[in-house]
Structures are given as C-alpha cells and as structure tokens.
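Values quoted throughout were computed directly from the atomic coordinates according to the rules given, and no laboratory measurement underlies them. Here the structure is a predicted model, which is why all the values come from computation and not from measurement. Positions of Cβ are generated from backbone atoms using ideal geometry, with glycine treated the same way; all protein chains shown enter the neighbour counts.
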Amino acid sequence: MSDIESVDSIETEDEIEQTKKELVDDEIVETIVKYMKMDDIIREKQKDFSIEQKKFRATIKPIKDERQKLEDKIIDRLNDNGENMYEIAGKGKLIKKQSERKGVIKPEIIKESVMESMRRANLIDDEARAMRMIDGILDMVDHKRPVTNKVYIKRTIPRQYKTEKKEKNKDDHKNNLHEEVPKKKDKKNKK
C-alpha cells in the first residue's frame, strides 16, 4: 500500500469529529485531515532521508578526502611531465581537465563597468551625476524584474504534538538503526 493510500486508512472518526467541532465548514474537514496526514508522512520521510544522507556523507567524506589527495599528486606529476593524461590499460584514462566558473553579477560590478565604459568614451563630465544615473538605471532594472507570488499553506504544529512525535521517532529510530554514524576525528589526532 502506498503512502497516499494509507492516508485514507489512517483517518479515525475521533479525528474527523474533533476537526468538525473546530471548523464551521464540514465540506473541508476531510480535505484538511488528509492534508495534515500527508504532511506528517512527508515530514517523516524527510527526516528519514536526512538521517540517511548524514550517514552517507559521514561514510563517503574520508574516501573523497583521500581521493582528492591522490588527485592532487596525479595532477602535480602530469604538470611536472608536461602531460595531460595517463592511459591505464583496460581501465580507461585519467585526463587532466580545467573548468572555469564565473562569479555572480553584482550591482557594484555593473556600476563599475558602466562608469569605466563611460570614462573611456569621454561621456562623463560629472561623475556624481553619472553615478546617480547608473543607480537610477539599476533601480529601474530591479523594479522591472518579474515577481512571482505563490499562495501556500503553512502548517504550524503545537509544541505538545511535536514533543510526542519526537519521542515516538526516537524510539522508532533506536529500533531501526543498524549502524551508528561515524564520529568526526579531532584534527589534532589526525597526525
């Protein structure tokens, strides 16, 4: 049975009656109860996923760190020998590549670039006036940027409910954990 199908079976008469008493519109009660159950399922799955991610990162990090050290040695050797790759029979090639990433375009960079271009073209007779004009242009660009709005439901959970869920989750996770997340070693003890 999928999580969505299980939402239908989770509802109890008590929950529906409780919600009906709190709300005036009976038509929306069932939708609200289902929404909250689905929200609970999503939150639980996200917690489980987060725990698994932490375990994975803790397991993979030392391997990636060691691989990076080896990669640095290989790159140094390729540079020393003036080569760009090693071919390993039956295993493929190790090719030295270089990537380039540009930083974010910030308003300051735009201002400086426009001012520099205007200076080169001798279009500036008053720098303060030119700077105000550039600021005005940037404000206009910012003002004309499209804005999208999304209406959504934000669920708040009472503290008592959260505490009960946390206690239940702690018990569930204690029963389900097969291995502990490795602890980080002190940097002092690494050497």
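By count of other Cβ within 10 Å, fewest leading, how are VAL29, VAL104 ordered?
Least to most surrounded, the residues fall as VAL104, VAL29.
So, R0 is 30 Å and r is the distance between the beta-carbons of ASP65 and GLU100; what FRET efficiency does that work out to, to 0.05?
Values: r = 24 Å, r/R0 = 0.81.
Taking R0 as 30 Å, the efficiency between ASP65 and GLU100 is 0.80.
From the backbone phi of the range 77-92, what are the Karplus-calculated ³J(HN,Hα) couplings (6.51 cos²θ - 1.76 cosθ + 1.60, θ = phi - 60°) in whole Hz, Gly and Pro given as x?
Each residue of the range 77-92 in turn: 5, 4, 5, 4, 8, x, 10, 10, 7, 10, 9, 10, 4, x, 10, x Hz.
Would you mind checking LYS61/LYS154; LYS64/LYS93; LYS69/LYS170; LYS54/LYS168; LYS54/LYS106 for any pair whose Cα atoms are more than 28 angstrom apart?
In this structure, LYS61/LYS154; LYS69/LYS170; LYS54/LYS106 exceed 28 Å between Cα atoms.
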